[in-house]
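Values quoted throughout were computed directly from the atomic coordinates according to the rules given, and no laboratory measurement underlies them. Since the model is a prediction, treat every value here as computed from it, not as a measurement. Please note: Cβ atoms are built from the backbone with ideal geometry, for glycine as well, and neighbour counts cover all protein chains shown.
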Amino acid sequence: MSKLKNILAVTLAGLFIFGFSIWSLILPDKEISKTERSRLEQFPELSMDTIESGEFMSKFDTYTLKQFPLRDLFRTIKATTAYYALGQRDNNKFYLIDGYIVKMEYPINKESVKNATDIFSDMYENWLKNTDANIYLSIVPDKNYFAGGEGYLSMDYENFVETVKGDMPYAEYIDIFPTLELSDYYKTDTHWRQECIVDTAQALASGMGVTLKGEYDVKKADTEFYGVYHGHSALSYLPADDLYYLTNDTLENATVLDMESYKEIPLYDMEKLDSDDDTKIPDAYEMFLSGPNRSILTIENPNATTDKELIIVRDSYTNALAPLLVEGYKKITLVDIRKVPHDRLSRFVPVKGQDVLFLQSTLVLNDSSEFK
């Protein structure tokens, strides 16, 4: 009987391995993983050169891992087992607090922060100095900041902010940390909810000497929003977020121009809500100013009662916040130095007396490798 059980176990294991191997070979390859928000490895080039160099086997390993049948299901089973069966507090640095998926951001990457502030200082010396610009700095905390008291590893955010401030003495710091709490962020995504940050926009504006009424109509987007953490954490059973956006007469009359293509784009791009295209990585948050892949944008306010202009050195958090500042300015220019080299900005964005705001998240500052 024992021998029969052993034979049966080996047979079932063999059938499992053989069956999934055959399944993975005949299953059509996917171009993207919508849950993981990434493009998937395709079958590598097979040649004598790639075999001899080891490139084929290296890429083949990645290919089989990414194209494995039921990959998302097995990832979810692993994550669920880690949390609820094994009692782990996190899975691959992701953890849950009151239904919010949070990723550990720890420790402070001092080299990355220094790289960022060195680039900002170079921008000041070669783009902003002696231009009569009013220069400001503000930092957006990631969700991990709000979980510091829950026993999870967390950066020393006070030290983080003081380090950045110390490296940027030419910029006046505007503290927005007190205006934020965990519920101001999406449960399944890194970003903040636009409808929850009106007071944050007002705090920033006030720090720059601008008053905002902050009166908006709240609209609900016709979509279920599954943020980047939903797939990365493999917690696919968690519900989607609702996605809201704010509008009023000023925003409806504002004009947004993509300076790279010199084409007008929508303030809120509803086409980004469509997730049916299997060749595109879905991200409904990209409805705000058409997403992060724009190097320089301008927002012009024809209803402005002022000639004040604002330049924001931004990351993706600014996409939801910038519309809330439109009321206070005639023109807002957004520049993303992950898309345009910082030493070319003087050619594209002349500065003379504008407000200039360095608005960056702790996530980007702690991983500034994409800065150009």
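How would you rank 262-268, 320-326, highest first, on the average number of other Cβ atoms within 10 Å across their residues?
320-326, 262-268
For region 223-240, take each phi angle, set θ = phi - 60°, evaluate the Karplus expression 6.51 cos²θ - 1.76 cosθ + 1.60, and give the result in whole Hz per residue in order, putting x for glycine and proline.
In residue order, the calculated couplings are 6, 9, 9, 9, x, 4, 6, 4, x, 5, 7, 6, 8, 5, 7, 6, x, 6 Hz.
Exceeding 22 Å between C-alpha atoms, which entries from my cross-link table qualify? They are 93/143; 263/372; 114/372.
In this structure, 263/372 lie more than 22 Å apart at Cα.
Highest mean first, what order results for 135-142, 170-177 on Cβ atoms within 10 Å?
Values: 135-142: 22.5, 170-177: 16.9.
Ranked from most to least packed, the peptides come out as 135-142, 170-177.
Subtract the Cα-Cα distance of residue 242 and residue 262 from 0.36 nm times their separation in residues, and report this length gain in nm to one decimal.
4.0 nm
I want to check the label-to-label distance for residue 182 and residue 269. Put each point 7 Å from Cα in the C-beta direction and report it in nm to one decimal.
The answer from the label model is 3.3 nm.
Kindly write out, for region 119-130 in residue order, the coupling ³J(HN,Hα) from the Karplus curve 6.51 cos²θ - 1.76 cosθ + 1.60 (θ = phi - 60°), rounded to whole Hz, with x marking Gly and Pro.
5, 4, 5, 5, 5, 5, 5, 10, 10, 10, 4, 6
How much length, in nm to one decimal, is gained on full extension between residue 213 and residue 344, taken as 0.36 nm per residue of separation minus their Cα-Cα distance?
On the way: separation 131, 0.36 × 131 = 47.16 nm, distance 3.54 nm.
Fully extending the segment from residue 213 to residue 344 adds 43.6 nm.
From the phi of every residue in region 190-200, what ³J(HN,Hα) in whole Hz does the Karplus formula 6.51 cos²θ - 1.76 cosθ + 1.60 yield, where θ is phi - 60° and glycine or proline is x?
Couplings: 6, 7, 8, 8, 4, 5, 9, 10, 4, 5, 5 Hz.
Around residue 372, under 15 Å between beta carbons, what's the net of Lys plus Arg minus Asp minus Glu among the other residues?
It works out to a net charge of -2.
Using r as the Cβ-Cβ distance of residue 352 and residue 253, and R0 as 25 Å, what FRET efficiency do you calculate, to the nearest 0.05?
On the way: r = 26 Å, r/R0 = 1.03.
The computed FRET efficiency comes out at 0.45.
Taking 7 Å along the Cα-to-C-beta vector as the label spot, tell me the residue 106-residue 53 distance in nanometres, rounded to one decimal.
The answer from the label model is 4.1 nm.
Rank by packing, highest mean first: peptides 152-165, 188-201, with packing defined as the count of other Cβ atoms within 10 Å averaged across residues.
Packing proxy ranking, top to bottom: 188-201, 152-165.
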